[in-house]
1. Which numbered condition in (1) at pLDDT 95 or above; (2) within 16 Å of the ligand (Cβ to nearest atom) is the only one that residue 15 fails?
2. Which condition does residue 60 not pass, out of (1) of a type outside the set (Val, Ile, Thr); (2) within 18 Å of residue 117 (Cα to Cα); (3) within 16 Å of the ligand (Cβ to nearest atom), if it passes all the others?
3. Looking only at strands (runs of 3 or more DSSP E) that fall completely inside segment 1-110, which ones have 1 or more residues that are touching a residue at least 40 places away in the same chain (Cβ under 8 Å) and open to solvent by 80 Å² or more (accessible area, probe 1.4 Å)?
Amino acid sequence: MANRIFYNEILTEHNLRPANKHDLPDANLVLEGVNPSCGDDIILKLKVKDGIIEDGSFIGDGCAVSQASADIMLDLIIGKSQEEARRLSEIFLRMIKGKITEEELEELEEAGALKDISHMPARVKCAVLGWHTMEEMLNGASDSVTTEDR
Ligand code: ZN
């Protein structure tokens, strides 16, 4: 129960003070992500240079889960390589399906706060919106062949 309260605090904090919700004029990757079933509509912006995500932000509107998830995701991936961001995204999406190890959960840091979403099917699309949008962006930007086995 203590964990549950702790997790809710993380989500609340990212809603009240989303550090990454702002414009990013020098972004070189911009993609809109929409979740019609809830009305979430975000625009994700990344500044990627030499394969490293140097900066990132999001703007738009949506429910508490979609906004917190996007903010937490950006905290996690800024400063990391595209490959690392993709790997973390894969772990996150697996967590949402309930298939994750303890070690992987630790790697996700605050994003682990969304683990319980797997028990709330109606909110799953909200939680994964930012992550799917990022994956789509990075796959589109990559010169390498995109993997189809996800
Ligand atoms: Zn939503």
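The values are calculated or read from the model by the stated rules, or taken from the named source; none is laboratory data. Computed from a prediction, not measured in an experiment: that's the story for all the values here. Positions of Cβ are generated from backbone atoms using ideal geometry, with glycine treated the same way; all protein chains shown enter the neighbour counts. All accessible areas refer to the heavy atoms of the entire protein, side chains included, with ligands and DNA or RNA removed. Shrake-Rupley method; radii C 1.70, N 1.55, O 1.52, S 1.80 Å.
1. Of (1) at pLDDT 95 or above; (2) within 16 Å of the ligand (Cβ to nearest atom), only one is false for residue 15: (1).
2. The single condition residue 60 does not satisfy is (2).
3. Result: 29-35.
Results for (1) farther than 15 Å from residue 137 by Cβ; (2) away from the ligand (no atom under 16 Å from the Cβ), shown as yes or no for each residue.
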| position | (1), (2) |
| --- | --- |
| 7 | yes, yes |
| 36 | yes, no |
| 42 | no, no |
| 50 | yes, yes |
| 80 | no, yes |
| 86 | no, yes |
| 89 | no, yes |
| 98 | yes, yes |
